[in-house]
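Heads up: the structure comes next, in structure tokens.
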Amino acid sequence: MTVGTLWERLAPLPGGKRLFSWLLGRRVPYTGTIKPRVLELRPGYAKVQMSDRRRVRNHLESIHAVALANLAEVTSGLAITLGLPANTRGIPVSLSISYRKKARGRLTAEARCPLPDTSREAEHDFESVIADAAGDVVATATVRWRIGPVPAR
């Protein structure tokens, strides 16, 4: 079952988005460490939240830089892969992130990714923006994805 099919089935149900998010964390264990909560998902767009918990904090009492990078990567990944044809794959090859202010409280990441040509393998940059509950941007990330047809085996 594809990510898109699973989202379409679960999202409308009571607790469905929470179940989808839990399943995402089980399928992608490292991503699961931040306990992402998928709020919205459609081809080329994702909105994902992360709660402020001791487990994702650093010694400065703010959310750790790598937890923010993890949130940015999963958000861009969901946005782009949901729009890819079944015979296409995407893999992140680099990530650049700028930290604007200390991240505290519930954070929301958004990624708007124009769907690329998938007929040949190429690299594409997609941005994720992470904001705090007040709407202040705490970080912006650019994730470079290598996207193209699945190689024949």
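The values are calculated or read from the model by the stated rules, or taken from the named source; none is laboratory data. From a predicted model like this one, the values you see are computed outputs, not experimental measurements. Here the Cβ is made from the backbone with ideal geometry for all residues, glycine too, and neighbour counts use every protein chain on show. Ligands, DNA and RNA are stripped out before the accessible areas are found, and what is left, the full protein with its side chains, is counted by its heavy atoms. Shrake-Rupley method; radii C 1.70, N 1.55, O 1.52, S 1.80 Å.
Annotations for the structure displayed:
- Out of LYS35, LYS47, sole residue that is in contact with a helix residue (DSSP H, G or I) (Cβ under 9 Å, 6 or more places away or on another chain) and on the phi > 0 side of the Ramachandran plot: LYS35
- Pairs linking a residue in region 12-27 that is free of Cβ contacts under 8 Å to residues at least 60 places away in the same chain to a residue that is among the small types (Gly, Ala, Ser) and surrounded by 15 or more Cβ atoms within 10 Å (Cβ to Cβ), with Cβ atoms under 6 Å and 6 or more positions apart or on different chains, are LYS17/ALA11; GLY25/GLY32.
- Candidates ASP132, ASP117 - the one that is open to solvent by less than 40 Å² (accessible area, probe 1.4 Å) and free of Cβ contacts under 8 Å to residues at least 40 places away in the same chain: ASP132
- Scanning region 93-105 for residues that are assigned to a loop (DSSP other than H, G, I, E, B) and out of contact with any helix residue (DSSP H, G or I) (no Cβ under 7 Å at 6 or more places or on another chain) yields ARG100, LYS101, LYS102, ARG104, GLY105.
- Matching residues, region 37-69, being more than 18 Å from PRO12 (Cα to Cα) and of a type in the set (Lys, Arg): ARG53, ARG54, ARG55, ARG57
- In a residue-by-residue description of region 76-98, the property of being exposed (fewer than 13 other Cβ atoms within 10 Å of the Cβ), at pLDDT 95 or above and out of contact with any Ser or Thr (no Cβ under 7 Å at 6 or more places or on another chain) applies to at least one position.
- Across region 137-153, the number of residues qualifying as open to solvent by less than 70 Å² (accessible area, probe 1.4 Å) and touching a Lys or Arg at 6+ places or on another chain (Cβ under 8 Å) comes to 7.
- Options ARG106, ARG153; residue that is farther than 17 Å from VAL38 by Cβ and either more than 16 Å from the chain's Cα centre (by Cα) or of a type in the set (Lys, Arg) (or both): ARG153
- Where helices (runs of 4 or more DSSP H) sit wholly within region 1-92, those with at least 2 residues that are over 15 Å from the mean Cα position of the chain (by Cα) occupy 3-10, 16-27.
- Which numbered condition LEU60 misses (of (1) among the hydrophobic types (A, V, I, L, M, F, W, C); (2) closer than 26 Å to GLY135 by Cα; (3) modelled with pLDDT of 95 or more; (4) loosely packed, with under 13 Cβ neighbours inside 10 Å): (3)
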